[in-house]
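Coordinate-derived values only; no laboratory data. These numbers were taken from a predicted model, which means no experiment stands behind them. Because the Cβ atoms are built from the backbone with ideal geometry, glycine has one as well, and the counts that use them run over all protein chains shown.
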Amino acid sequence: MHRTVDESIRRELDAWLSAAVARVSPPLTFAEVRKGVQAVSSLYVERRPSAGLGARTTESEGKRAALATYYAPLHFLITLQAAAAISKSARAGIRRIHDLGCGTGAAGAALARACPGPVAIEGIDRSGWALREARHTHAAFGVRSRTRRAAVPEGLPRLRAGDAIVMGWMANELEQEARVRLLDFVAEACGEGHPLLVLEPLARRVAPWWPTWAARLVPLGAADLDLHAEVDLPEWIARLDAASGLDHAIPGARVLAAPAADANDAGD
Ligand SMILES: C[S@@+](CC[C@H](N)C(=O)[O-])C[C@H]1O[C@@H](n2cnc3c(N)ncnc32)[C@H](O)[C@@H]1O
């Protein structure tokens, strides 16, 4: 389904992306950012699951530029659509979003913009660079936020009423033992009614643990879906796509969303 992004969100997205591009280039040329995009992509495609992947994706200026100006807007657009899989009434009750492994802040900002009420974000990541970018992102979308440098699962937050959890493309970067602890945490949160959004790449081999997570969370009210988001890509993304040989004409993700939207949410 081709969806039009709300005009005010689209304006914020364009301004956010322009500011990120201005921060990274110069000194980087378009070709250097394109190489960064390819390098990050091949880390995900060629790697065997390993902890420390996150650190490797931020180890050069080109890769950091790719994360901030290419993957972040894609993740924002995908998460914005995925958020509609959470019931409207649950989104209306969200007051604080814990963005675990927030990276550049895209997933949390998108979920915040999909909530009708005033929402604050708590971004957690172990990368200081990512947290600085996340603060730019939160400001660009007019969302109040705090960021915390911590590792999951040790630094998992205490939840209170009105709290939601988003985890965009991060659980695949954890060691198996950490991911098991994280699943216990999110299952308990889900059981207590906290809204939840988990996103991972569609490629099954990146997240072979997905069926275990779905088997635990779907009985607690989560929807398990493959999202193919048809959106108008910003020109910068389209240019990088064409130049790098990647094709995000229809970006996608596997999504666990709770509590799942139902027929009453149709048209959202
Ligand atoms: C692929 S990025 C995704 C970032 C962001 N959620 C998004 O949607 O664009 C994964 C992020 O998870 C972070 N990360 C990986 N393992 C982590 C851990 N154990 N604790 C906290 N953050 C972690 C990395 O530093 C990185 O910023």
Full-extension gain in nm, R144 to R160, via 0.36 nm per residue minus C-alpha separation: 4.0 nm
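Express the Stokes-Einstein translational diffusion coefficient of the stretch 7-265 in µm² s⁻¹, to the nearest whole number, given a Kirkwood radius over alpha-carbon pairs, 25 °C and a viscosity of 0.890 mPa s. Present the calculation step by step, with values, prior to reporting the outcome.
On the way: Rh = 18.1 Å.
In µm²/s, the coefficient rounds to 135.
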Alpha-carbon centroid distance for the pair the stretch 78-129 / the stretch 143-184, whole angstrom: 12 Å
Two-site label geometry, R205 and R181: point separation in nm, points 7 Å out along Cα→Cβ: 3.0 nm
Relative contact order, percent, the stretch 7-265 [alpha-carbon distance under 8 Å, six or more residues apart]: 21 percent
Mean separation of Cα contacts under 8 Å, 6 or more apart, over the residue count of the stretch 174-268: relative contact order %: 38 percent
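Let me know the charge dipole size of the chain about its Cα centre in debye, to the nearest 20, where only the beta-carbon of Lys, Arg (+1) and Asp, Glu (-1) is charged. List each step's numbers first, then the result.
Numbers: 32 positive and 31 negative charges, 142 e Å.
Magnitude of the dipole: close to 680 debye.
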